[in-house]
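Since every read-out is calculated from the coordinates, none of them should be taken as a lab result. A quick note: this is a predicted structure, and the numbers were derived from the prediction, not measured. We place every Cβ from the backbone using ideal geometry, glycine too, and count neighbours over all the protein chains shown.
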Amino acid sequence: MIQLAIIGPTASGKSDLAIKIARQIDAYILSIDSLSIYKEIDIVSAKPSKDELDSIQHFGINVLNPDEYFSVDVFIDIYKDVKQKCKEDNKNLIIVGGTSFYLKSLLQGLSPLPKIDSKVEKLVEEKLKNLEFTYKYLSNLDYLYMKNIDSKDKYRIEKALLIYEASNTTPSEWFKKNPPIPIIEDLEIYNIDVGREILRDRISKRTKKMFNLGLIDEVCYLEQKYTRRPNSMGSIGIVEVLEYLDANVTKEQMLENISTHTAQLAKRQQTFNKTQFKNITNASLQELEKVILSKFKS
């Protein structure tokens, strides 16, 4: 089974390239995109079209509702399921997307959790009824670990409390004694190298395309159905439209803000991709297609 990853900044052409390669090497595609994981967030996330999704089996897309919690733990579980299915179906796997942090997590792995019995679960459930008190309690026990967790992040507070109650050690101590175990030992990683001006132009065109496809209607629907509370509603493309709907900016300013914030995200992605991975191949979109096919096409 061949496994490879295609990464790059937003709007660099990753999805199109992955589909081309997948057709040539008989592969499934696993998306590592923090927005495409959600159902109904279609235009904002720039998901592949229905025809593209139908032509090659994709995973990691349309898995959760926008108000459901998504974390690296969830993604790793998805990866394990997809890898098993690839083995059963005799398929290769292409991992593709802009949220390279999830890819790095696969390579680094996660620390195992202590054994959690029903008694601990009930105790934690009771303590979580007062989230503010529990957060302060854990912060007093393990300030260094808790300072990176928001006081309203129930999922991560619960995880920290489960570790403490089940092991009688602070999360910091637990993770020090139980270092992460890599999920993938070896992976070919290909990064799309694209110039800043070319990328800005692609981002601007994609923003206008999103608007013409019904961006505002999609955000209105999402807000009405899910409110503004879920983490997914704080994403680029949604926040700027909500500002427009609140009459704080004009339509032109909204589109400019989306393009600017997306370009800033792309710059951060480029920096991350070039500094966080070893044995990575950097090349232009056209060159990468040739490089990948020359190595993997039978």
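Shown for the range 118-177: lysine pairs separated by 8 or more places, or found on different chains, whose C-alpha atoms are under 18 Å apart, numbering 20.
In the range 194-298, one over the average inverse separation of all distinct C-alpha pairs is 16.1 Å, which is the Kirkwood hydrodynamic radius.
For the chain, the 222 nm mean residue ellipticity estimated from helices alone, with every DSSP H stretch of n ≥ 4 adding -39500 (n - 2.57) and the total spread over all residues, rounds to -17000 deg cm²/dmol. Taking every DSSP bridge with both residues inside the chain, close to 5 percent are antiparallel. For a straight C-alpha distance cut-off of 20 angstrom, the aspartates and glutamates reachable from residue 50 (same-chain residues fewer than eight places away being disregarded) are 16, 26, 33, 40, 42, 217, 218. Using a ≥ b ≥ c from the Cα gyration tensor of the chain (square roots of the eigenvalues), is it rounded, prolate or oblate, where a/c under 1.5 gives rounded and otherwise the larger of a/b and b/c decides, a/b for prolate? Because a/c hits 1.5 or more and a/b fails to exceed b/c, the chain counts as oblate.
Take every Cα pair under 8 Å in the range 1-88 that's 6+ residues apart, average their separations, divide by the length, and report that relative contact order as a whole percent. List each step's numbers first, then the result.
Working: 73 pairs, mean separation 25.0, N = 88.
The normalised contact order for the range 1-88 reaches 28 percent.
In this structure, the amide hydrogen of residue 6, modeled 1.01 Å from its nitrogen in the peptide plane, lies closer than 5 angstrom to those of 95, 96, 97, 190, counting only residues at least 5 positions away or on a different chain.
Picking from 19, 280, 116, which is most flexible by a Gaussian network model of the chain using Cα springs under 10 Å? Most flexible of the set in this elastic network: 116.
For the chain, averaging the sequence separation of C-alpha pairs within contact (under 8 Å, six or more residues apart) and dividing by the residue count gives a relative contact order of 28 percent.
Counting only C-alpha contacts under 8 Å and six or more residues apart, can you give the relative contact order of the range 118-177 as a whole percent? Once divided by the residue count of the range 118-177, the mean separation gives 34 percent. Would you list which lysines come within 18 Å of residue 83, measuring only between C-alpha atoms, while excluding same-chain residues fewer than 8 positions from it? Straight-distance partners of residue 83: 91, 104. Specify the residue with the greatest mean-square fluctuation among 67, 117, 77, computed from a Gaussian network of the chain linking alpha-carbon atoms under 10 Å apart. Answer for the Gaussian network model of the chain: 117. In order along the range 83-92, the phi-based Karplus estimate (6.51 cos²θ - 1.76 cosθ + 1.60, θ = phi - 60°) of 3J(HN,Hα) comes to 4, 5, 5, 4, 5, 5, 8, 6, 10, 8 Hz; Gly and Pro are listed as x. Between residue 87 and residue 153, the contour length at 0.36 nm per residue exceeds the Cα-Cα span by 20.1 nm.
Taking a straight Cα-Cα cut-off under 19 Å and skipping sequence neighbours fewer than 8 places away in the same chain, the lysines within cross-link reach of residue 225 are 39.
Only the Cβ atoms of Lys and Arg (+1) and of Asp and Glu (-1) were treated as charged; on that basis the dipole of the range 118-177 about its Cα centre amounts to roughly 60 debye. Amide H contacts for residue 282 (H built 1.01 Å from N in the peptide plane; partners 5 or more residues away or on another chain; cut-off under 5 Å): 191. For the range 104-119, putting each phi into the Karplus relation 6.51 cos²θ - 1.76 cosθ + 1.60 with θ = phi - 60° gives couplings of 4, 5, 5, 6, 7, x, 10, 6, x, 9, x, 5, 10, 9, 5, 5 Hz, in residue order, rounded to whole numbers and with x for Gly and Pro.
For the residues 22, 266, 166, a GNM of the chain with alpha-carbon springs under 10 Å puts the largest fluctuation on 166. Computed from the C-beta positions of residue 264 and residue 178 and an R0 of 30 Å, the FRET efficiency is 0.25 to the nearest 0.05. A simple spin-label model places pseudo-atoms 7 Å from Cα toward Cβ; at residue 72 and residue 291 they are separated by 2.5 nm. Taking the Cα centre of the chain as origin and assigning +1 to Lys and Arg Cβ atoms and -1 to Asp and Glu Cβ atoms, the resulting dipole is close to 620 debye. Principal axis extents of the C-alpha atoms in the range 118-177 (largest first, rounded to whole Å): 27, 23, 17.
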